[in-house]
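Worksheet: the structure to be examined is printed underneath.
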Amino acid sequence: MSKNRELKEQVVADIVEKLKNAQSVVICSYSGLTVEQVTALRKQCRENDVAYCVLKNRLVKLALEQQGITGLDDLLNGPNAFVFGMKDAVTAPKIINEYIEKNKLESLKITGGILEGKAVDVATVKQLATMPSREVLLARLVGSMSATIGNFVRVVEAFRKKQAGEE
């Protein structure tokens, strides 16, 4: 087997591994970004445990086939970046969407994505981007649970005082 083919098979295996481990994947068309913009975006991704990769579309197609993910062939044309969100499904879309809005970029566009092993459209990716982070959702859950418990304690205490004739 040729050395070139072995290298490509290894790259496809790496892409398959990233697809397996990713909570979400954002596919972006990045034609026209400057080196400084790409460097800043990569830095922001690294700081948030998100992998920003520029991969050959043909190799990504092979990896998607191996994973049984369909519906993305139309998007895999031209220069594409793939942003793999490893820790949760919201971080990668949020970083890309905020970067586009903050820098008012027309050269970076979200074209689609993958969520839980299924292809999703741009609207779904943008919807993910506007969701609160996992930490915020957990804080809201804890807050609502503690408020419910606090209300229950106040009702029981008021009932106890009424029964004891303390009011």
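The values are calculated or read from the model by the stated rules, or taken from the named source; none is laboratory data. Predicted model only: the values in this text are computed from it and were never measured. Cβ coordinates were reconstructed from backbone atoms using ideal geometry, including for glycine residues, and neighbour counts include every protein chain displayed. Surface accessibility is based on the protein's heavy atoms, side chains included, excluding ligands, DNA and RNA. Shrake-Rupley method; radii C 1.70, N 1.55, O 1.52, S 1.80 Å.
Send over a whole-number figure in Å² for the accessible area per residue of the range 1-82, probe 1.4 Å. Kindly include the intermediate steps, with their values, before the conclusion.
Working: 4900 Å² over 82 residues.
Result: 60 Å² of accessible area for each residue.
Using only Cα atoms and rounding to the nearest 10 degrees, what angle (0 to 90) does helix 3-21 make with the longest principal axis of the chain?
10 degrees
Rounded to whole Å, give me the distance from the Cα center of the range 147-167 to that of the range 29-101.
The two parts, judged by their Cα centres, are 55 Å apart.
If the chain were replaced by its equivalent ellipsoid, with semi-axes equal to the square roots of 5 times the Cα gyration tensor eigenvalues, what would those be, largest first, whole Å?
In descending order, the three semi-axes are 46, 19, 13 Å.
Taking 25 Å as the cut-off for C-alpha to C-alpha distance, list the pairs among 20/94; 56/104; 3/56; 18/109 that go past it.
Over 25 Å apart, Cα to Cα: 56/104.
Rounded to a whole number, what % of the accessible area of the chain do carbon and sulfur atoms account for, probe 1.4 Å?
Exposed carbon and sulfur together represent 54 percent of the surface.
How large, in Å, is the range 1-47 by the Kirkwood hydrodynamic radius built from its alpha-carbon pairs?
13.3 Å
Among 64-72, 134-142, 90-98, how do they line up by average Cβ neighbours within 10 Å per residue, starting with the highest?
Descending mean neighbour count gives 90-98, 64-72, 134-142.
Does anything in the range 119-161 have its amide N under 14 Å from the 7 Å Cα→Cβ label point of residue 44, and if so which residues?
129-130
Largest first, how would 124, 148 line up by accessible area (1.4 Å probe)?
Largest accessible area first, the residues go 148, 124.
For residue 6 and residue 154, compute 0.36 nm times the residue count separating them, minus their Cα-Cα distance, and round to one decimal in nm.
Once the chain is fully extended between residue 6 and residue 154, it gains 46.4 nm.
So, for the range 97-167, what is the accessible surface per residue at a probe of 1.4 Å, expressed in square angstrom?
Here the residues of the range 97-167 average 75 Å² of exposed surface.
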